[in-house]
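Just below is one structure, and these are the notes that go with it.
Derivation of every value follows stated rules applied to the coordinates shown; laboratory data play no part. These figures come from a predicted structure and were not determined experimentally. Ideal geometry is used to build each Cβ from the backbone, glycine not excepted, and the neighbour counts take in all protein chains shown.
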Amino acid sequence: MAGLVSSRGCHKIRGSQIRELLDSKLNVLFDCDGVIWNGETVVAGAPEVVTLLKQQGKKVFFITNNCTRPRASYVTKFIRLGFTDVAEEEIFSSAYCSAAYLRDVAKLQGKVYVIGCQGVVKELREAGVPIVEEDTDAPTGTIYDYPLDPDVKAVLVGYDEKFDFIKLAKACCYLQNTECLFLATDPDPWHPLRGGRITPGSGSLTAAVETASSRKATVIGKPSCFMFECIASQFNLDPGQSLMVGDRLETDILFGANCGLDTMLTLTGVSTLEEAHGYKDSDDPERKDFVPDYVVETIADFIEAYEEEEG
Amino acid sequence: MLDSVDNVLIDCDGVIWRGDQAIPGSPDVINLLKKNGKKVFFVTNNSTKTRKMYADKLALMGFNATDDDVFGMAYCSAMYLKKVSKLQGKVYLIGSNAMRQELEKVGIQQTGVGPDPISGVQMDWANVPLDPEVKTVVVGFDEHFSYMKLNRALQYLNNPDCLLVGTNTDTRLPLEGGKAVPGTGCILKAVETAAQRQAQTVGKPNHFTYDCVASQFGLDSARCLMVVDRLDTDILLGSNCGLKTLLTLTGVSTVADAEAHQESGCPERVGMVPDYYVESIAELLPALQG
């Protein structure tokens, strides 16, 4: 593997270096926001990259902390943005993985109290995980009197535009029982939209529930490894033969480091090359895991890597 | 001990009442303290009532108290914004009607109080219209707290010049009737996390509350006694300000907690050890009557 250096080296690569790296990997995991699209705008060349990798015999997966859509809705978005060959089974969102965790790992006996949008609720229903059914458009009590369901054995917190104080109070009550599980879909404090706009993320709602209950949530999404374990259990992936491509150092790159994958930062999203170098130059050993092995301007650079070989 | 103090600062919840029930004997203690020439001040981190509302509640329970004796967090926060932040412009307020009233009383205008329903899609939320006169986001207890309010706060705080002030960091709020719900600390944590910054906080253990009382009444800290039920916020405040501290066991902290701090040898925890403790404030009665 002449010319390739990894170990958190933050090496900007293109052309044959990208080709060499990809030839050594069987599996490529892409984050979505900031990597293959930004909001409703596709990153130019991304659909061609996916097709190309599959033609080369690679397995391609999409791994996103964004829990606002169920997988079927992601498939529709992929098609809408010009991707022709992405299957539902290749998409792993934090909502899907949270449902899978509750069903397959926790093997939950009982109901889940969900603080989450329809994207989260639908994945739980699809997985057959019983949830507390509430009419979210009607008031569910006052702070002096809110009904509780005796069958709740887990609380799951995710992005919820209908989050309110009563939900916080109920979650806190359920979590007084130490046997009640406490899960969060993802830790992201804010959620990026296109044009640099942001809205509050699941992480800010989880922080409120953690403070109220004096308990720490088990976080399913990146940078924790659960989502990789979820994919690996279905597709038998070897981390040594897998590459994680993301745009957020504290989420995607740290995730890759935690799971033993090589990591690549793409510059079409949140984090900058300066930030990556900042972590590399830091004296704090914990910051080393935020440093990517490789950096590209955009994943569209993969196309040129293969064209060069052929040209 | 009582002869060596002129002024007594009393925490409310867990010391003289629980919810809407007075701790037995406490009205007599307070009234006797006043009769014996002591100044008595009622101090609380709770921001859901104005000074007048607290004075009314105290009167109903048999305490001899006026508005001026009360230093609730709504009032103290308004004073903090006026005197310490030297606030210019408006406030985006996540808080109660009482907060709004106390702010208006000192001439600070706010926007945001009350229910705030959500509609539309994510881009609409990121693009909510912002009042250009808002220079500070203030967070207190708000039973109407919602994602939309959190979102508005975040959009204001995207401007690095916009300040973030929290009334207090308590994680529990006791209600009338004895139940407790999540406190202001939880709401503040959500805002701090979304905006990725720390708020300035007004309430205990920050000593602004004490400074507020002391400056209005010209108190000598060496002749002040704080009577409280929490070690980590209240006793620490007392130690930091050089006051004598008395812990009552009718609230949050226990003797075991105090002993643990004492034995820890940790400099940060030594400040949480009270000078004295009693089972209940009623134990002061014999000394006052005698």
For the stretch A:39-82 and the stretch B:152-166, what is the separation of their C-alpha centers, rounded to whole Å?
-> 35
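Restricting to the stretch A:110-219, what percent of DSSP beta bridges are antiparallel, rounded to 5? If you can, show how the numbers build up before the last one.
Values: 4 of 16 bridges.
Given both bridge residues lie in the stretch A:110-219, the antiparallel proportion sits at roughly 25 percent.
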Two pseudo-spin positions, 7 Å from Cα along C-beta at A:A300 and at B:N159, lie apart in nanometres by 3.6
So what J values fall out for the stretch A:85-92 if you push phi through Karplus, 6.51 cos²θ - 1.76 cosθ + 1.60 with θ = phi - 60°, rounded to Hz, Gly and Pro as x?
-> 9, 9, 9, 4, 5, 8, 9, 10
Quick one: helix B:208-217 against the long Cα principal axis of chain B, what's the angle to the nearest 10°, folded into 0 to 90?
-> 60
Across A:K167/B:K179; A:K107/A:K216; A:K170/A:K222, pairs whose alpha-carbon gap is larger than 18 Å = A:K107/A:K216; A:K170/A:K222
Ellipticity estimate at 222 nm from DSSP helix runs (n ≥ 4, -39,500 (n - 2.57)) divided over chain A, nearest 500 = -9000 deg cm²/dmol
Listing A:T64, B:T184, A:T298 from the residue with the fewest other Cβ atoms within 10 Å to the one with the most, what is the order?
-> A:T298, A:T64, B:T184
So, counting K/R as plus one and D/E as minus one, what does the shell of residues with Cβ under 12 Å around B:A59 add up to?
-> -1
At 222 nm, what helix-only mean residue ellipticity would chain B give, in deg cm²/dmol to the nearest 500, using -39500 (n - 2.57) for each DSSP H run of four or more?
-> -10000 deg cm²/dmol
Grab the other residues whose beta carbon is less than 13 angstrom from that of B:G242, score K and R as +1, D and E as -1, and report the net.
-> -1
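What size of dipole, in debye to the nearest 20, comes out for the stretch A:110-219 about its Cα centre when the only charges are +1 on Lys and Arg C-beta atoms and -1 on Asp and Glu C-beta atoms?
340
To make sure I understand, if each residue's beta carbon is the centre and we count other beta carbons within 10 Å, what order do A:I91, B:I94, A:I303 fall in, fewest to most?
A:I303, A:I91, B:I94
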Considering only B:P117, B:L32, B:Q88, whose Cα is most displaced toward the positive end of the charge dipole of the stretch B:1-120, charges sitting on Cβ of Lys, Arg (+1) and Asp, Glu (-1)?
-> B:Q88
List the residues whose amide H sits under 5 Å from the amide H of B:M226, counting only those 5 or more places along or on another chain, with H placed 1.01 Å from N in the peptide plane.
-> B:L9, B:K244, B:T245, B:L246
Using the Karplus curve 6.51 cos²θ - 1.76 cosθ + 1.60 with θ = phi - 60°, work out ³J(HN,Hα) for each residue of the stretch B:119-124 in order, rounded to whole Hz, and write x for Gly and Pro.
-> 8, x, 10, 3, 5, 5
Tally Lys and Arg at +1 and Asp and Glu at -1 over the other residues with C-beta under 13 Å from the C-beta of A:R71: what net charge comes out?
-> -1
If unit charges are put on Cβ atoms (+1 for Lys and Arg, -1 for Asp and Glu) and the dipole of the stretch A:110-219 is taken about its Cα centre, the option from A:Y174, A:S202, A:V152 lying farthest towards the positive end turns out to be A:S202
Cα centroid distance between the stretch A:240-274 and the stretch A:140-219, in Å?
-> 27
Antiparallel %, DSSP beta bridges [both residues in chain A], to 5 | 15
Considering amide H positions built from the backbone, and no H for Pro or chain starts, which residues 5 or more places from A:V155, or on another chain, come under 5 Å of its amide H?
-> A:Y113, A:L181, A:F182, A:L183
In debye to the nearest 20, the charge dipole size for the stretch B:1-153, taken about the Cα centre with +1 at each Lys and Arg Cβ and -1 at each Asp and Glu Cβ, equals 360
For A:F290, A:F61, B:F208, what ranking results if the residue with the fewest other Cβ atoms within 10 Å of its Cβ goes first?
-> B:F208, A:F61, A:F290
Could you check how many percent of all C-alpha pairs in chain A are farther apart than 23 Å?
-> 57
For the pair A:N258 and A:E126, how long in nm is the line joining their label points, each one 7 Å along Cα→Cβ?
-> 2.3
Listed by chain and number, the lysines with an alpha carbon less than 17 angstrom from that of A:K122, same-chain partners under 8 positions apart left out, are A:K77, A:K111, A:K162
